[in-house]
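*Asks:* Structure incoming, see below.
The values are calculated or read from the model by the stated rules, or taken from the named source; none is laboratory data. Just so you know, these numbers come straight off a predicted model, no measurement behind them. Cβ: placed from backbone, ideal geometry, glycine included. Neighbour counts: every protein chain shown. What goes into the accessible areas is simple: the full protein's heavy atoms, side chains included, and nothing from ligands, DNA or RNA. Shrake-Rupley method; radii C 1.70, N 1.55, O 1.52, S 1.80 Å.
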Amino acid sequence: MTTLRISSTRLHKSITELSRIGRQPAGGITRLTFSEADIEARKYVSSLIREAGMSVSIDEFGNIIGRTLNAAYDIPAISCGSHIDTVPNGGALDGAYGVLGAIEAIRCIHEHHTPTKALQLIVFTEEEGARFGAFIGSKGFVGLLDTSSAYAMKDRDRVTFREAMHNAGIRPTSRPSEQYRNIRAYLELHIEQGPVLEHEHKSIGIVESIVGLGDLVIEIEGEARHAGTTPMQLRRDALLAAARIILGANQSAIKTGTSAVATVGSVIAFPGAYNVIPGRAIINVDYRDVSIPRIRRLETKISSISKEVARKSNVEIVIRRKSFTKPAHMSAKIIRVIKASCRDLGLSCKYLPSGAGHDCQNIAHITKTGMIFVPSRDGISHAANEYTKPKQLEDGANVLLATLLRLAD
Ligand code: GLV
Ligand code: MN
Ligand code: MN
């Protein structure tokens, strides 16, 4: 049992400093992949990785990889990490806490201990999918996405991933990502982003499974016309059709009677003028569940409702699946090790599923994985007022440290 503890002063300083990058006047933090804020955050985090005694490399997906001990790449590494991109106007902890907590834990190990195994830290690119599509970095890392598909992905302004990465000055260092794939285990520290731990007064959540999720892009083509002169029955209103699809997606998830959820969080209408009937609309449907057949059924239902709405509303639609990520189960062995670490630290814990997606679920394709959650105040996340008490953040990072030590010795 270790007596080693992370430095909470350093952890909180780094969380505060990173949270200043991409801060928005309207509230929250926006760090879209390869934006100026993301570039600055990458520089800041890379400097912390070096200070923690690791080398810094970049793979072909822009993932930042820190490596201890100058370990040869044929030595399997115990890895941990998360992401530093955010949703628009997001919080200071989603992703950032996992990266900064892992850097602090590895730094602490470096300063006080010589682990017998290599340690690796990964900062995954584009976890949120707020610019190009969810999980590009972690999917690419494990080989679920090849570079040509990733590089061709476009943002709203039709800028490709490749162009954006190039313009951001992010160049892969010589080693391809498959050389970092030699991983013995992967751990991810994260805020819960839901209310369960707080409600049950537990310090730590030990994740058993992570939901699968899909993202449908639905483009609706109607006709832009004068809002005053076009009679109601002669309209082909794309936004009205979008509204009907939104209601349909909502009902489809409710009717499953399971843990399934469906959300439309992004609506764009053109031309976007108060006195013009919207001729074109684009919406995204995010849908999730823990079982693949149920997610597939939900997707089929949402697609058929959308086509039916299009027919009745006299508009054209194109439905495209932008991304699909399978659910994942965490390793029973790592779950046991995390539980033992909580016990050593005298922290209460609870097993729970994750309704949020995480890079971890992609890494589960290649190795044993585990996730450590800390409480989120009022369960709030993907919002400016995301908050976890400093002591809770410190506890989570200490559980990560203890778990890393157990796995690395
Ligand atoms: C990732 O943050 C998600 O959308 O669950
Ligand atoms: Mn996250
Ligand atoms: Mn998130």
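*Asks:* What helices (runs of 4 or more DSSP H) lie completely within the stretch 289-394 and have 2 or more residues being within 16 Å of ligand 2 (Cβ to nearest atom)?
*Replies:* On the way: elements: 292-313, 332-345, 360-363.
Here the list reads 360-363.
*Asks:* Taking V87 and the conditions (1) outside any loop (DSSP other than H, G, I, E, B); (2) closer than 25 Å to S376 by Cβ; (3) within 16 Å of ligand 3 (Cβ to nearest atom), which numbered condition does it fall short on, given that it satisfies the others?
*Replies:* (1)
*Asks:* Now a separate question. Can you work out which of the residues in the stretch 113-129 that are in contact with a strand residue (DSSP E or B) (Cβ under 7 Å, 6 or more places away or on another chain) and within 15 Å of S46 (Cβ to Cβ) is surrounded by the fewest Cβ atoms within 10 Å (Cβ to Cβ)?
*Replies:* L121
*Asks:* Here's a follow-up. Considering each residue of the stretch 6-25, count those that are open to solvent by 100 Å² or more (accessible area, probe 1.4 Å) and either touching a residue at least 40 places away in the same chain (Cβ under 8 Å) or at positive phi (or both), and give that number.
*Replies:* The initial filter retains those residues of the stretch 6-25 that are open to solvent by 100 Å² or more (accessible area, probe 1.4 Å), namely 9, 13, 20, 23, 25.
Going one step further and asking which of them are either touching a residue at least 40 places away in the same chain (Cβ under 8 Å) or at positive phi (or both), we end up with none.
Of the residues in the stretch 6-25, 0 are open to solvent by 100 Å² or more (accessible area, probe 1.4 Å) and either touching a residue at least 40 places away in the same chain (Cβ under 8 Å) or at positive phi (or both).
*Asks:* Also, quick follow-up: For T160, all conditions in the list (1) out of contact with any strand residue (DSSP E or B) (no Cβ under 7 Å at 6 or more places or on another chain); (2) surrounded by fewer than 20 Cβ atoms within 10 Å (Cβ to Cβ) hold save one; what is the number of the exception?
*Replies:* It is condition (1) that T160 fails.
*Asks:* Just name the residue that is nearest to G53 (Cα to Cα) out of those in the stretch 85-124 that are more than 16 Å from ligand 2 (Cβ to nearest atom) and of a type in the set (S, T, Y).
*Replies:* It comes out as T114.
*Asks:* Looking at (1) at pLDDT below 95; (2) out of contact with any helix residue (DSSP H, G or I) (no Cβ under 9 Å at 6 or more places or on another chain), which one does R181 not meet, given that it meets all the others?
*Replies:* For R181, the failing item is (2).
*Asks:* Could I ask something else about it? Looking for whichever is touching a Gly at 6+ places or on another chain (Cβ under 9 Å), more than 16 Å from ligand 1 (Cβ to nearest atom) and more than 16 Å from F124 (Cα to Cα) here; the options are S331, S354, S341. Which one fits?
*Replies:* Exactly one of S331, S354, S341 is touching a Gly at 6+ places or on another chain (Cβ under 9 Å), more than 16 Å from ligand 1 (Cβ to nearest atom) and more than 16 Å from F124 (Cα to Cα), namely S331.
*Asks:* If you don't mind, there's one more thing I want to ask. Of all residues in the stretch 72-94, how many are of a type outside the set (S, T, Y) and closer than 19 Å to T403 by Cβ?
*Replies:* 5
*Asks:* Here is a further query. Taking the conditions exactly as written (closer than 30 Å to R10 by Cα, at pLDDT 95 or above, among the small types (G, A, S) and more than 16 Å from ligand 1 (Cβ to nearest atom)), does G129 satisfy them or not?
*Replies:* no
*Asks:* Taking only the stretch 40-54 into account, find how many residues are open to solvent by 40 Å² or more (accessible area, probe 1.4 Å) and under 22 Å from the mean Cα position of the chain (by Cα). So that I can check it myself, show each step before the final result.
*Replies:* Pass one, the stretch 40-54, residues open to solvent by 40 Å² or more (accessible area, probe 1.4 Å): 40, 43-44, 47, 50-51.
Keeping just the survivors that are under 22 Å from the mean Cα position of the chain (by Cα) gives 40, 43-44.
Residues flagged as open to solvent by 40 Å² or more (accessible area, probe 1.4 Å) and under 22 Å from the mean Cα position of the chain (by Cα) within the stretch 40-54 amount to 3.
*Asks:* Might you let me know whether the stretch 138-151 holds any residue that is within 13 Å of the chain's Cα centre (by Cα), within 16 Å of ligand 2 (Cβ to nearest atom) and buried (at least 21 other Cβ atoms within 10 Å of the Cβ)? So that I can check it myself, show each step before the final result.
*Replies:* Initial filter on the stretch 138-151 (within 13 Å of the chain's Cα centre (by Cα)): 138-139.
Add one more test, that the residue is within 16 Å of ligand 2 (Cβ to nearest atom), and what stays is 138-139.
This time we only want the ones that are buried (at least 21 other Cβ atoms within 10 Å of the Cβ), so: 138-139.
Scanning the stretch 138-151, I find at least one residue that is within 13 Å of the chain's Cα centre (by Cα), within 16 Å of ligand 2 (Cβ to nearest atom) and buried (at least 21 other Cβ atoms within 10 Å of the Cβ), so the answer is yes.
*Asks:* Then there's this: Spot the failing condition for L404; the list is (1) under 30 Å from P88 (Cβ atoms); (2) surrounded by 23 or more Cβ atoms within 10 Å (Cβ to Cβ), and only one is missed.
*Replies:* Status for L404: all satisfied but (1).
*Asks:* Do you know which residues across the stretch 29-57 are modelled with pLDDT of 95 or more and in a strand (DSSP E or B)?
*Replies:* Result: I29, single match.
*Asks:* Next up: Quick one: which helices (runs of 4 or more DSSP H) sit completely within the stretch 160-271 and have at least 1 residues that are touching a residue at least 12 places away in the same chain (Cβ under 8 Å), within 18 Å of E127 (Cα to Cα) and more than 16 Å from ligand 3 (Cβ to nearest atom)? Walk me through it before giving the result.
*Replies:* Numbers: elements: 161-167, 196-199, 238-256.
In the stretch 160-271, 161-167 are the helices (runs of 4 or more DSSP H) which contain 1 or more residues that are touching a residue at least 12 places away in the same chain (Cβ under 8 Å), within 18 Å of E127 (Cα to Cα) and more than 16 Å from ligand 3 (Cβ to nearest atom).
*Asks:* Mind listing whichever residues of the stretch 372-394 are within 20 Å of M1 (Cα to Cα) and surrounded by 24 or more Cβ atoms within 10 Å (Cβ to Cβ)? Before you say what the answer is, go through the steps one by one.
*Replies:* Going residue by residue through the stretch 372-394, those that are within 20 Å of M1 (Cα to Cα) are 372, 394.
Across the stretch 372-394, the qualifying residue is only I372.
*Asks:* Could I ask something else about it? Anything in the stretch 194-222 that is closer than 30 Å to A269 by Cα, open to solvent by 20 Å² or more (accessible area, probe 1.4 Å) and within 16 Å of ligand 1 (Cβ to nearest atom)? List them, or say none.
*Replies:* D215
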